[in-house]
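These notes concern the structure reproduced below.
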Amino acid sequence: MDGSYEACAEAAAWLRARLREAPRVALVCGSGLGALAQELSEPQSFDYAEIPHFPRSTVQGHAGRLVVGRLGSAPCAVLQGRFHLYEGYSPAQVVVPVRALALAGVHTLVLTNAAGSLRPQLGPGHLLVIRDHIDLPGLAGRSPLVGPNDERFGPRFPAMTDAYDPGLRQLALALAPKELRARPGVYVGVGGPSYETPAECRLLRCLGADAVGMSTVSEAAAARHLGLRVLGLSLITNSAPGDEDEDGSEVTAGGAGPEPHPAALTGHEEVLAAAQEGARHLRALLLALAPKLDEPGRSRTRPDAP
Ligand code: HPA
């Protein structure tokens, strides 16, 4: 299993041969958010194990199934389960589904995830509409774009300004149900799989991040390389740990600002339970967005190097 163009093209051709209609929108479901696929009408479903060159999901809460149908009127592919660097996959393997779906006809990608909040104003059940990201693995050389560049995917040096489509961000903020208390912010992608220490959270806040998670950034980089339009939505499932000293006052962090509530996270089960609660509102948002996700005449727009 590799992440080459030929491998992705083979997966795309396999899907096209079986699908009644080519998908134009793709939705990646984060932890506990797989039920988003229930909104699809006329679904066709495939186990990842059937699809050539697709990796296997190893994480609880990620079903490992591709469901293709219509979201409202938009032909849409829903990935119930994604791949993470912490599973041992290479960055190129992590993005095989995104690349295969782009080659199968997708022009707009919605990336959802469950994330930890780094800000007190952003609590469990709230939605961060990703305005920008910090790709920590990518900055350290673990980007899916590292290695010989295949121009059939995209350019050697793709720009990442406005990687998350400004128009879709505005729409998501406007259409989000009020229960989600949606607001824009910066998502930082980390390698995982251990959750962050309080000191690491303080570092991430200093970097300007509002929410932290173990996914999304590699997929967004690959999607922009392909010229896809990207929307990123983080459902906050927990507050990442705050830092308190023995007498209860916060440790100062050189202007990092107020810290979130002290540690509440007990583990992955808690993340899954919180995600399932928020998923109902997220489904409503995606249905409201569907017509805009599949605007007629939308085509892939390649980002050029500055
Ligand atoms: N940290 C990293 N990833 C996560 C978290 C977190 O606190 N919550 C959900 N995914």
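The values are calculated or read from the model by the stated rules, or taken from the named source; none is laboratory data. A quick note: this is a predicted structure, and the numbers were derived from the prediction, not measured. Accessible surface areas use protein heavy atoms only, side chains included; no ligands, DNA or RNA. Shrake-Rupley method; radii C 1.70, N 1.55, O 1.52, S 1.80 Å.
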Solvent-accessible heavy-atom area per residue, rounded to whole Å², over the range 5-293 at 1.4 Å: 38 Å²
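Which helices, taking whole DSSP H runs in the chain, have alpha carbons extending 24 angstrom or more along the helix axis plus mean Kyte-Doolittle at least -0.5?
Membrane-span-like by this rule: 268-293.
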Carbon plus sulfur fraction of accessible area for the range 5-293, probe 1.4 Å, in percent: 52 percent
Extended-chain gain in nm, criterion 0.36 nm per residue less alpha-carbon gap, Arg56 and Arg18: 11.7 nm
